Amino acid sequence: MSNGAQMVTGMAELCALPPVDKWQILDALTAAAEEFELNHRTLSVLRALISFLPQRDIHPERNSTIVFPSNRSLSERLHGMPESTLRRHLARLVDLGIVSRHDSANRKRFSRRGSAMAYGFDLSPLAVHARHICELANTVAAEALHRQNLRDEINSLRRDLLEHGLTVQNELLLNCQRHLRRKLAVATLQELRDQLAQKLETMSQPVTTSPKMSSTDKQNERHIQTEIKSYFDSEENESNEESPHRSPPEPTLIEILESCREYKNYFPEQPRSWSDLNAMVNRLVPMIGIETPVYLQAQRMMGSETAASTILCMLERLHLIRNPGGYLRRLSQRAANGRFSLEPMLHALRKGPELSADNSLKTTRAPAM
């Protein structure tokens, strides 16, 4: 094929391309700026160039859409951008092929009156490459949405792990928090999500109790059963059966404050109402290592007044409680099953001596067969 025939074919292909809206293609290019290694200042120069085009459509034919503002006019429209900086960004646009130069003999930009010929910057490459630009913009938008969905999944898994007893000091959650401060690749987010999901699955599996081993006096085999020890005498009902007696009345605010005094080390002023107590406990909860979602769950299960009173009771024995969040979660579960009462906890505090820390684990010996 001759050079003339190739030129005719190329022109025909360009004519087949539709014109594009100048602001829509600029928005698409802005969305895909990272793919083209464009910064916001280079884009602002391109926006200023496009603003000198009177019509909205950019046509794909070469030299069909030329703007010819002077550097001074461009600088004024860019709020006084230095001319040296302006020339650098214009050169960047030309190097990337986003615009092209159509220079006069003396490299001046102008248009002769009454003539279709103009000299300046040709914007037609934007229409020629519009399809590629839009495809990249759509890809970037889809990836951004996928990345945001992964971040939402990760945050949801973090909340679930906290509700299952994991503390914010856990290495996995700390690593997760550090990573989410940065912009991460999709692969990194997926790996982080999978780690959290695996941890949650492990924590959600029911704990199976191994069968008790038989023992003889000679072998003296022992079976050690370890369970969470109640830090308050008679904190929970020994029988799972419903009691035929009426439940004791809920303690008053005065009774709570008479039995619990440790809170004064944090807030010396005594609360005068349940509203004051709730406000104080809301600030106290994170100080003693209980996550806010765990306390909110306790409020739903127990009621706000009982939950606040329970926190004050726990504060009296806090030095014996290894995991305050897990302990409160267990009490919330008992409250949900109707097996929790605040009165035994208060009674234990009134009795006197505290339980020894050595009793936080209960060991029983299996009966000899």
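Spin-label model, SER70/GLU255: points 7 Å from Cα along the beta carbon direction are separated by 9.0 nm. Per-residue extension of 0.36 nm, minus the Cα-Cα distance of THR188 and ARG56, leaves a gain of 43.3 nm for this segment.
Distance from the C-alpha centroid of segment 261-311 to that of segment 24-54: 54 Å, rounded to the whole angstrom.
Taking the centroid of alpha carbons for each part, segment 153-188 and segment 316-339 are 24 Å apart.
Taking each residue as 0.36 nm, the span from THR139 to THR292 lengthens on full extension beyond its C-alpha to C-alpha distance by 51.2 nm.
Shown are LYS264, LYS22, whose ranking by accessible area with a 1.4 Å probe and every protein chain present, most to least, is LYS264, LYS22. Using a simple spin-label model with pseudo-atoms 7 Å out from Cα toward Cβ, GLU83 and GLU269 lie 6.7 nm apart.
Scaling the Cα radius of gyration of segment 119-180 by the globular reference 2.2 N^0.38 Å produces a ratio of 2.01.
The values are calculated or read from the model by the stated rules, or taken from the named source; none is laboratory data. What you see is a predicted model, and the numbers here were worked out from it, not measured in a lab. Cβ: placed from backbone, ideal geometry, glycine included. Neighbour counts: every protein chain shown. Ligands, DNA and RNA are stripped out before the accessible areas are found, and what is left, the full protein with its side chains, is counted by its heavy atoms. Shrake-Rupley method; radii C 1.70, N 1.55, O 1.52, S 1.80 Å.
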